[in-house]
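Remarks on the structure that follows.
The values are calculated or read from the model by the stated rules, or taken from the named source; none is laboratory data. This is a predicted model, so every value here is computed, not measured. Backbone-built Cβ (ideal geometry, glycine too); neighbour counts: all protein chains shown. Only protein heavy atoms, including side chains, enter the accessible area calculation; ligands, DNA and RNA are left aside. Shrake-Rupley method; radii C 1.70, N 1.55, O 1.52, S 1.80 Å.
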Amino acid sequence: MYESHVSGREAVPSPLHRILVPVLAVLFSAFAFGAAHGAEQLGDLTGPWQLFVDDHLVAESSQLSRVWHAFEKHAGNPLLRADQAWEGAAVYLYGTVLPREDGTGYRMWYHAYDGDYRMLYATSDDGLAWSKPALGLTDFRGSAENNILFQLTHENHNPQVIHTPWEADPQRRYKMIYFEYGRTPPVSTVTGYRGAYSPDGIRWTECADNPVLVDSPGDVGNFVWDPLGKRYLGYPKKFEEVRGFRRRCVAFSSTTAFESWPESTLILTPDEYDDRLVADADAAGAHTDFYGLCGFAYETMYLGFLWMFPITDGKNDGPIFVELVSSRDGAHWRRQDEPRAPILPLGPAGAWDDGMVFTPNHPLVEGGTIKLYYGGFDGTHGGDANAAIGLATLRKDGFVSMRAGGQAGALTTPLLENAAGPLRVNFAARPDGWLRVELRDASGEVIPGYSETNCDVLTGDHTEHAVTWNGNSALPAGPVRLRFILRNAELFAFAAGNGVTTR
């Protein structure tokens, strides 16, 4: 961790029928759209929780430090290795992991490389032991007994899968966007991201007008559905001249129509501080690139896994690891506080993931845990390497905490509109630590009955715990400021109903 301070006869309809049917149809569609874009979508990470990754919810703070927390890697890693002839020596997770629709187990879309790319499919009952089912869909050396999804050319890769259960056409309940270099005529002659749809995530049909996003040479891109903005988001790689070097950077595209994406625009480039990563490199031209960004809606905001690529030889070699970025709109991103410790670091020397690590288009959240499946390499970008897939976990909403030591600290939020009880908190206190919450009105005065002394002290370690004031958990009417007071404890997030906004 790193700490910084701070969705017969034909009957003649009656006039009433003519009015009611269209109105009811619109209402039903709106209801169905809203419901389907909620919990029904696999991989939806949004909710009412408010995080302290930035200062958006910090009006005042004293005696607190912002602490950045890294994912913890599973002791049994790697969980999925390259052990089939069509996988070569490298399987990695430019791709997607989703829970099964019935809630029992998981599904993974990943790819392999042995000189040719192949997009593959695996399943697991427990998320630890993975199987590669014989799909019978694609020929490999005279047999279809493999887990290859489809093979447009030898260069299709990076399968980004999105569950879209609101689609009326059952054949389009899953979407995929993947990359093709466009250099395999006559099948593929345009560089870009191609779209496909499927009823089950296994049998895919190409979109009518491919590629859906023409983009060159951004061969790494991550794509998701955004439940907050009701749109698809894409973050393809884009090259740009930055401080004397042609660098890999991050671009952005968004659309409400999956089969039609606007040209991406540059949004994120390495800054001078990023080049510290190659300060000790002997090679001329050493500099830092961004290899990719996985951006996704999380609770009430957006988070991203930024793939850092310090090019230590000045050409094309170096390690790749992951930092966290955050956003309030999905397009403008805030970097971590310095020194920007990795959210997913490399493994120790000699480990299966000591050279490069890559993340899928989004993690999963189950109960009080964030699960992040990731690809790891035992070598750096410029050389030969083996690759496999592992798992890392983090406390729910645990990317950042506001921490107090032995001296009590306090954090006051801006004025919150539409707050509704109960107020819930995600916090961890040491054995001698505690947390209390005080409510204040628009003028900054303590609301009667909701003072610090009225608050029932909170202790222990909880990803979700209701706050009470003399046993009362209801929040008062009207806008409120929350003042958190804590000692030997850390606060990760809070929830005060849906629709909370700041004034």
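Condition (residue is at pLDDT 95 or above, of a type in the set (S, T, N, Q), closer than 21 Å to residue 380 by Cα and in a strand (DSSP E or B)) applied to the range 243-253: is it met by at least one residue? Looking for residues that are at pLDDT 95 or above, of a type in the set (S, T, N, Q), closer than 21 Å to residue 380 by Cα and in a strand (DSSP E or B), one finds none in the range 243-253, hence no. Please enumerate the residues belonging to the range 298-324 that are β-branched (Val, Ile, Thr) and either open to solvent by 10 Å² or more (accessible area, probe 1.4 Å) or under 15 Å from residue 360 (Cα atoms) (or both). Those that are β-branched (Val, Ile, Thr) and either open to solvent by 10 Å² or more (accessible area, probe 1.4 Å) or under 15 Å from residue 360 (Cα atoms) (or both): 300, 312, 320, 322. For the residues 177, 267, the requirement of being at pLDDT 95 or above, among the hydrophobic types (A, V, I, L, M, F, W, C), buried (at least 18 other Cβ atoms within 10 Å of the Cβ) and closer than 18 Å to residue 304 by Cα singles out 267.
Count, please, the residues in the range 468-503 that happen to be touching a Pro at 6+ places or on another chain (Cβ under 7 Å), open to solvent by less than 40 Å² (accessible area, probe 1.4 Å) and at pLDDT 95 or above. So the answer is 1.
Out of the residues in the range 392-409 meeting the condition of being small (Gly, Ala, Ser) and open to solvent by 10 Å² or more (accessible area, probe 1.4 Å), tell me which one is nearest to residue 60 (Cα to Cα). For the range 392-409, the residue satisfying everything is 408. The residues in the range 294-333 that are touching a Ser or Thr at 6+ places or on another chain (Cβ under 6 Å) and outside any strand (DSSP E or B) can be counted, and the count is 3. For the condition over 24 Å from residue 46 (Cβ atoms), of a type in the set (S, T, N, Q) and within 29 Å of the chain's Cα centre (by Cα), residue 412 qualifies.
Of all the strands (runs of 3 or more DSSP E) wholly in the range 371-458, which have at least 3 residues that are in contact with a Phe, Trp or Tyr (Cβ under 9 Å, 6 or more places away or on another chain) and within 20 Å of residue 64 (Cβ to Cβ)? It comes to 400-404, 409-412, 424-440. Every condition in (1) open to solvent by 10 Å² or more (accessible area, probe 1.4 Å); (2) in contact with a helix residue (DSSP H, G or I) (Cβ under 9 Å, 6 or more places away or on another chain); (3) within 19 Å of residue 109 (Cβ to Cβ); (4) in a loop (DSSP other than H, G, I, E, B) holds for residue 210 except the one numbered (2).
Would you tally the residues in the range 56-84 being more than 30 Å from residue 410 (Cβ to Cβ) and open to solvent by 60 Å² or more (accessible area, probe 1.4 Å)?
Adding up the residues that qualify gives 5.
Could you grab me the full set of residues in the range 336-351 that are over 18 Å from residue 362 (Cα atoms) and not aliphatic (A, V, I, L, M)?
Of everything in the range 336-351, those that are over 18 Å from residue 362 (Cα atoms) and not aliphatic (A, V, I, L, M) turn out to be 336, 337, 338, 339, 340, 347, 348, 350.
Among the residues making up the range 213-235, a single one is of a type in the set (Ser, Thr, Tyr) and part of a loop (DSSP other than H, G, I, E, B): 216.
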